[in-house]
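Enquirer: One structure, pasted below without further comment.
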Amino acid sequence: MAKDTQIAESGSRKFIAVDPGKCTGCGICEWACALEKSETVLNTLTSRIRVLRLNCLLNVAIACRFCKDAPCVKACPEKAIVQSGANGVLIIDEHKCKGCDWCIQACQYGGLALHPEKILAVACDLCGGEPKCVEFCPEEALELVSDDSDAERKWKAALEKLPSEIEKLANIAKKEEWSQILAEAEERAKKTSQKLETINKRQRFRKKD
């Protein structure tokens, strides 16, 4: 039995999934990841999770899914990527990786990226089991799941809900009843600010150390 098949069948594979119905596109997950992974200056371009702002009502965060028979592993011409036999997490050999981005092109989920300074492929490693993006998401839109169907179910639910949300927004605009939207926006901004302040505090503590 292949190693990555064992991963899938053992249930040890977990990856970060987003609920598009909750994600506001705030980008806190990117800041949290960048703080965890940055070695010098905090730079969200070093984040292993990225936010796609598709429109005002649909935003998503994407990260590596640690696929079975991962296309990125097969695509790498330098054999610089292997998968952990324990949980499927990608292990990228920085000495072999040439930054060609073939792995990035091979991934259908957009789960890999090039490090902006090292010009090497990077991917989520779940922060050793306690992903900071999940911890800091102010809307609790991120969670660890073990099956692709879990992630696809959230996508489907969000897309099915989209027409009703558009109609709701249109009715509010017609009636000019903005108080509820403004109240919700204010509450979300408050939660986002609190999470960002916590991230800033951690950064300050790291600088002191």
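Values quoted throughout were computed directly from the atomic coordinates according to the rules given, and no laboratory measurement underlies them. Quantities reported herein were computed from a predicted structural model and do not represent experimental measurements. Here Cβ is always computed from backbone atoms with ideal geometry, including for glycine, and neighbour counts include all displayed protein chains.
Enquirer: Which of 175, 74, 118 moves the most in a Gaussian network model of the chain with Cα springs under 10 Å?
Expert: 175
Enquirer: May I ask you to derive the relative contact order of the chain, considering only C-alpha pairs under 8 Å and at least 6 residues apart, and to give it as an integer percent?
Expert: On the way: 316 pairs, mean separation 53.0, N = 209.
Rounded, it is 25 percent for the chain.
Enquirer: Okay, moving on. Roughly how far apart, in whole Å, are the Cα centres of region 63-79 and region 131-209?
Expert: Region 63-79 and region 131-209 have Cα centres separated by 29 Å.
Enquirer: Starting with the highest mean, order 128-140, 15-27 by the number of other Cβ atoms within 10 Å, averaged over the residues of each peptide. Write out the running numbers ahead of the final one.
Expert: Working: 128-140: 17.7, 15-27: 21.5.
So the peptides 128-140, 15-27, ranked by packing, come out 15-27, 128-140.
Enquirer: For the chain, take the longest principal axis of its alpha carbons; what is the angle in degrees between that and the long axis of helix 148-175, to the nearest 10 within 0 to 90?
Expert: Tilt relative to the chain: about 20 degrees.
Enquirer: So how tilted is helix 179-208 from the main axis of the chain? Cα-based, degrees 0 to 90, rounded to 10.
Expert: Tilt relative to the chain: about 40 degrees.
Enquirer: Using mean Cβ contacts within 10 Å as the protection proxy, how do 108-117, 94-103 order, highest first?
Expert: Working: 108-117: 16.8, 94-103: 15.3.
Ranked by mean Cβ neighbours within 10 Å, highest first: 108-117, 94-103.
Enquirer: Between residue 182 and residue 202, what length comes free when the chain is fully extended (0.36 nm per residue of separation minus the Cα-Cα distance, one decimal in nm)?
Expert: Values: separation 20, 0.36 × 20 = 7.20 nm, distance 3.03 nm.
Stretched fully, the residue 182-residue 202 segment lengthens by 4.2 nm.
Enquirer: Work out how much length residue 169 to residue 79 would gain on full extension: take 0.36 nm times their residue separation and subtract the Cα-Cα distance, in nm to one decimal. Mind dumping the intermediate values first?
Expert: Details: separation 90, 0.36 × 90 = 32.40 nm, distance 4.98 nm.
Separation in residues times 0.36 nm, less the Cα-Cα distance, equals 27.4 nm.
Enquirer: Still on this structure: Once Cα extents along the principal axes in Å is worked out from the coordinates, which option in (i) 51, 43, 26; (ii) 60, 45, 30; (iii) 51, 41, 35 does it equal?
Expert: (ii)
Enquirer: Excluding residue 27 itself, calculate the net charge of residues whose Cβ lies under 10 Å from the Cβ of residue 27, where each Lys or Arg counts +1 and each Asp or Glu counts -1. Let's see the in-between values first.
Expert: On the way: positive: 50, 53; negative: 30.
With Lys, Arg at +1 and Asp, Glu at -1, the neighbours total +1.
Enquirer: By how many degrees, 0 to 90 and rounded to 10, does the Cα axis of helix 28-37 deviate from the longest principal axis of the chain?
Expert: Approximately 30 degrees, to the nearest 10.
Enquirer: Which cysteines in the chain lack any other cysteine whose Cβ sits under 4.7 Å from their own Cβ?
Expert: 23, 26, 33, 56, 67, 76, 97, 100, 107, 127, 137, each lacking another Cys Cβ under 4.7 Å.
Enquirer: Which GluC sites (Glu not before Pro) from region 20-54 combine a DSSP loop assignment with at most 12 other Cβ atoms within 10 Å?
Expert: Hits after loop and neighbour filter: 39.
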